[in-house]
Amino acid sequence: MPLDLLKKLEILADAAKYDASCASSGGSKRDSLRGGIGSTTGAGICHAFTPDGRCVSLLKILLTNFCRYDCAYCVSRRSSNVARARFSVDEVVRLTLDLYRRNCIEGLFLSSGIARGEDETMGELVRVARTLRTAHGFRGYIHLKTIPGASDALVAEAGRWADRLSINVELPSETSLSTYAPEKDATSIRRGMAATRTLIDEAVDARKPAPGAIRRAKPPRFAPAGQSTQMIVGADRADDLAILGASTALYASYRLKRVYYAAFSPTGHPSAGLPQAATPLIREHRLYQADWLLRFYGFELPDLVTAAPSGMLDQAIDPKLAWALARRDQFPVDVNAAPREALLRVPGLGVRAVDRILVARRSATLRLADIARLSGGLSRTRPFIVTADWRPTASLDDAHLRRRLAPAPVQLSLF
Amino acid sequence: MHAVRLPGDADDATFRAAAKRCIALDLAPQDVAFMDEAAPSLFPPLPDGTDAGTSFSVSRAYQDLLHDAICHRAADRFDLLYDVLWRVVHGARGLAANPADPAVARLSGYARAVRRDVHKMHAFLRFRPREIDGRTRHVAWFEPQHFTLRRAAPFFVDRFAGMDWLIATPIGTAAWCEGRLVFGPPADKPADADDPVLDELWSTYYRTTFNPARLRLDAMRREMPRNFWANMPETRQIPAMVAAAGRRVAGMRAQAPDVPPAFSERVAAHWRPAVVRSDTPLDELRAEVAACRRCPLHGPATQAVFGEGPPDASIVFVGEQPGDQEDLAGRPFVGPAGQLFDRALAEAGIDRSAVYCTNAVKHFKYEPRGRRRIHKKPDPGEVTACRWWLDRELDALAPRLVVALGGTSAGALSGRAVSVLSERGPAQFGARAGWITMHPSFLLRVPDAARQAEEYRAFVADLRGIREAAA
């Protein structure tokens, strides 16, 4: 193994690890039965977990960590004293295929510092993806970062080869961005996401057969696993509601598959004006829970304002429980009669548990023990539901309900 | 009491055949014990006989449950499956789908464990290339928790159809060679062949991608239990990675801000702000509008949408504000209302490329609703803030006629509240000759088809009048 390749991998994987996204799910199904190598099932696979509890699904590296930008939160900013390196296109292609054949990865997540021009950088990223797809018949997963300001033609080609495209908004507000990344332009980031959404929509429309039309080969897919973005949490002063407000606008505007929240974490190359300590991981966790409430539980932003009147989500309890404690007038909910929307709002009941309850209550009247079996725990649920054998008489009005439901503080010190 | 002996890796068909015999013999669950082939038992086997004539069908839910749960290692899986089957055949049709039944719940747990085991094999198995008889074969040793080899193997066929590979496990082997998948008896663990890709590159990547500031061992162990580690070379580094994490984080925290490297200054000196092409007053204005922060609407919008058309156009159409499509494209009148507008213009004999189109408000105001944006009417403050741009835009254009499309636009142009219905037609906006008509999006919202056609005709008639007034 040439030592310099190992050294480069160390530098360029280290620079890429602050991107939280590692998903390999979504998109089209492919296999290698008719040639090439690789497959995607649509479900994504985590091939290993590191001691930070995060999944290793893709080979996540930068093409280069030379960068002309000077974004304070980024380890690769030009004023950082980090070691620099640069992979060639062929090195990335070989590395991806070598690891893929050993079943270590689902594919490649490639990003890059912007050493020279935006188009030059984007062109190199596209070249890696094109080489993998056309020269090697690679059917695995490819996630490319789109460089804001790159030409439309390059973005269009990127989406032909990649399963997913992403552009990081980095910080929730334009003001923060201009403070910490003065050379970045919020409009150009948003325009990039708008262009990507338009290209995805057009490709989806073009693949729908026109009524009565003769069947023809379908036009190529464009980024079938959609686009995503990332926000750094805790580098600026934005509160949780500001962050979730920004996500809400992003989901609605650009139909993002995911917004990733990355708790700010020290890099060993601190920049003046940024916190030295890591953002508590529990903050990131609560943001993800709130994001899930918005996307899968029928919650709207005003509900989260109810749950977090100070602007910050309660770190001791999950946001749904916080909402339920603030809206006790909505409870108790009768699990044998309530509609799905009402069940989804019961603390402790997830989407899967609710769907199981809906199936089970068709055959029998549910009792508390059934709910325990179907949901995997009653501690948070019990005060908020009515079953055939249970009614939470006084407990809902209990002023100490929150204290009783919050986990003991000793558990929190784990984070 | 009878004993039914099944091999440990019995599949759906084997179990179904045995269960069918039991049903044919009318054996209730308590009268029959399913057990492993190898287990000793005092109970007699099933009496000889035929199950011809016994026929029953089971639900999809039962078949799915059987398919997964039967691969579980638990000794009681067959008994539980028979217990549920017995009750299904005796009338409890929907039983297999009822997660509140204890037996079904237990089997569902088995099924989940099996699916998880299959998934973990797909995830954690590692191939090492070896030269065997002049061919490169990819060899893996894996220890599944359940009888999942047969279930997991097709995934590797799909993925690595072009490679020769062999998966050896304590419950059997699966080999893919020259386009054929062959299952064989259990094999011993092959000796590990050295592989610089796995042992150096992959291990380096695994070590590097770990962030020591986020140590969460419980989460790692939950998803990647220790029993899998033996066959994952990268995990050998875990103790050292964990031991060093605290020290690394403390070191990072103590680190003084970086002294910028020499090239940083040179690169900074090369940064030139993007040059705004300001050949004409209109271009200059466009650049200024792009940076507008006069009201909060710029926050959630993609971009300001400036007017479009020839600078010497004799007619300027002023709409309300950009919509979803306009916001994405950065161009006015490209969405559904814009397309209707184009059609009406053509019908009225107006050349779209000869007129100038813009909006009273330059940013899209909306309310996010899931994955959609719902149009929201701009309030008077926002309209007033944006009038600053509209006035300058119209000054630069100096058209013969300014057309207000809809109430917001008419209000912005005249500086007072306007009722489009009562003031429709020729108008005066200060010193500018104008015309007031409907906004094309109004036509899209008319629910009744006949009325919509009528409104459309009236709109086209307005456009004809506009054409003449501007001639």
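Where residues in region B:209-227 are surrounded by fewer than 20 Cβ atoms within 10 Å (Cβ to Cβ) and assigned to a helix (DSSP H, G or I), which of them is nearest to the other protein chains (Cβ to nearest Cβ)? Step through it out loud before you land on a result.
Here is the first cut: in region B:209-227, the residues surrounded by fewer than 20 Cβ atoms within 10 Å (Cβ to Cβ) are B:216-219, B:221-223, B:225-227.
So of that shortlist, the ones also assigned to a helix (DSSP H, G or I) come out as B:217-219, B:221-223, B:226-227.
Numbers: B:L217: 6, B:D218: 7, B:A219: 3, B:R221: 8, B:R222: 8, B:E223: 5, B:R226: 12, B:N227: 14 Å.
Step by step, filter region B:209-227, then rank; the result is B:A219.
Quick one: how many residues across region B:245-260 are assigned to a helix (DSSP H, G or I), surrounded by 13 or more Cβ atoms within 10 Å (Cβ to Cβ) and not basic (K, R)?
The first filter runs over region B:245-260 and keeps only residues assigned to a helix (DSSP H, G or I), leaving B:245-254.
From the residues that got through so far, the ones that are surrounded by 13 or more Cβ atoms within 10 Å (Cβ to Cβ) too are B:245, B:248-249, B:251-253.
In the following step, the residues that additionally are not basic (K, R) were identified as B:245, B:249, B:251-252.
Number satisfying all stated conditions: 4.
Scanning for something crowded, with 17+ Cβ neighbours inside 10 Å and within 21 Å of A:R286 (Cβ to Cβ), does region A:331-340 turn up at least one residue?
No: zero hits.
For region B:104-128, what are the residues that are in contact (Cβ under 8 Å) with a residue 60 or more places away in the chain and not aromatic (F, W, Y)?
Keep residues of region B:104-128 that are in contact (Cβ under 8 Å) with a residue 60 or more places away in the chain, which gives B:120, B:124-126, B:128.
Correct list: B:K120, B:L125, B:R126, B:R128.
Just give me the residues in region A:35-54 being facing chain B (nearest Cβ under 7 Å), within 26 Å of A:K7 (Cβ to Cβ) and touching a residue at least 12 places away in the same chain (Cβ under 8 Å), in sequence order.
Answer for region A:35-54, where residues must be facing chain B (nearest Cβ under 7 Å), within 26 Å of A:K7 (Cβ to Cβ) and touching a residue at least 12 places away in the same chain (Cβ under 8 Å): A:H47, A:A48.
Filter region A:248-287 for residues that are more than 27 Å from A:N65 (Cα to Cα), under 16 Å from the mean Cα position of the chain (by Cα) and at the interface with another protein chain (Cβ under 9 Å from one of its Cβ atoms) and give the result.
A:T248, A:A249, A:L250, A:Y251, A:A252, A:Y254, A:R255
Looking at A:S57, A:S88, which is the one that is facing chain B (nearest Cβ under 10 Å) and either out of contact with any strand residue (DSSP E or B) (no Cβ under 9 Å at 6 or more places or on another chain) or modelled with pLDDT of 95 or more (or both)? So that I can check it myself, show each step before the final result.
On the way: A:S88 fails: facing chain B (nearest Cβ under 10 Å).
After applying the criteria, what remains is A:S57.
B:E265: outside the structural domain of B:R331 (by TED's automatic domain parsing), assigned to a helix (DSSP H, G or I) and crowded, with 16+ Cβ neighbours inside 10 Å, yes or no? Give the steps one after another, and end with the answer.
Numbers: outside the structural domain of B:R331 (by TED's automatic domain parsing): yes; assigned to a helix (DSSP H, G or I): yes; crowded, with 16+ Cβ neighbours inside 10 Å: no.
It is false that B:E265 is outside the structural domain of B:R331 (by TED's automatic domain parsing), assigned to a helix (DSSP H, G or I) and crowded, with 16+ Cβ neighbours inside 10 Å.
Only one residue in B:G338, B:G349 is closer than 21 Å to B:A404 by Cβ and in a loop (DSSP other than H, G, I, E, B), so which one is that?
On the way: B:G338 fails: in a loop (DSSP other than H, G, I, E, B).
Just a single option satisfies the conditions, and that option is B:G349.
Cβ-Cβ under 7 Å, sequence separation 6+ or interchain: first residue in region B:394-409 and touching a residue at least 12 places away in the same chain (Cβ under 8 Å) and assigned to a strand (DSSP E or B), partner among the polar types (S, T, N, Q) and surrounded by fewer than 21 Cβ atoms within 10 Å (Cβ to Cβ). Which pairs?
Listed by first residue and then by second, the contacts come to B:L401/B:S314.
Give region B:417-461 a look and list any residue that's touching a residue at least 40 places away in the same chain (Cβ under 8 Å) and either not in a helix (DSSP H, G or I) or not hydrophobic (A, V, I, L, M, F, W, C) (or both), or say none.
Across region B:417-461, the qualifying residues are B:G425, B:P426, B:H439, B:P440, B:S441, B:Y456.
Could you please find all residues in region B:353-370 being over 17 Å from B:V305 (Cα atoms) and surrounded by 15 or more Cβ atoms within 10 Å (Cβ to Cβ)? Working first, answer last.
Residues of region B:353-370 over 17 Å from B:V305 (Cα atoms): B:353-354, B:367-370.
Matches in region B:353-370: B:E367, B:P368.
Just the residues that are without any contact (Cβ under 8 Å) to a residue 60 or more places away in the chain, crowded, with 20+ Cβ neighbours inside 10 Å and part of a loop (DSSP other than H, G, I, E, B), please, taken from region A:211-267.
A:G234, A:P266 - these are the residues of region A:211-267 that are without any contact (Cβ under 8 Å) to a residue 60 or more places away in the chain, crowded, with 20+ Cβ neighbours inside 10 Å and part of a loop (DSSP other than H, G, I, E, B).
Considering only region B:218-231, I want to know if a residue exists there that is within 22 Å of A:L95 (Cα to Cα) and out of contact with any Lys or Arg (no Cβ under 8 Å at 6 or more places or on another chain). Explain how you work it out, then say what you get.
Kept after step one, since they are within 22 Å of A:L95 (Cα to Cα), are these residues of region B:218-231: B:231.
Next, from what is left, pick out any that are out of contact with any Lys or Arg (no Cβ under 8 Å at 6 or more places or on another chain): none.
No, region B:218-231 contains no residue that is within 22 Å of A:L95 (Cα to Cα) and out of contact with any Lys or Arg (no Cβ under 8 Å at 6 or more places or on another chain).
Hey, among the residues in region B:138-175 that are of a type in the set (S, T, N, Q) and part of a strand (DSSP E or B), which one's farthest from the other protein chains (Cβ to nearest Cβ)?
Per the criteria, the residue is B:T173.
Give region A:84-102 a look and list any residue that's of a type in the set (D, E, K, R) and in a loop (DSSP other than H, G, I, E, B), or say none. Break it down into steps so the answer makes sense when it comes.
Narrowing region A:84-102 to residues of a type in the set (D, E, K, R): A:84, A:86, A:90-91, A:94, A:98, A:101-102.
Those that are of a type in the set (D, E, K, R) and in a loop (DSSP other than H, G, I, E, B): A:R84, A:R102.
The values are calculated or read from the model by the stated rules, or taken from the named source; none is laboratory data. Keep in mind the model is a prediction, meaning the values are calculated, not measured. Glycine also receives a Cβ, built like all others from the backbone with ideal geometry; neighbour counts cover every protein chain displayed.
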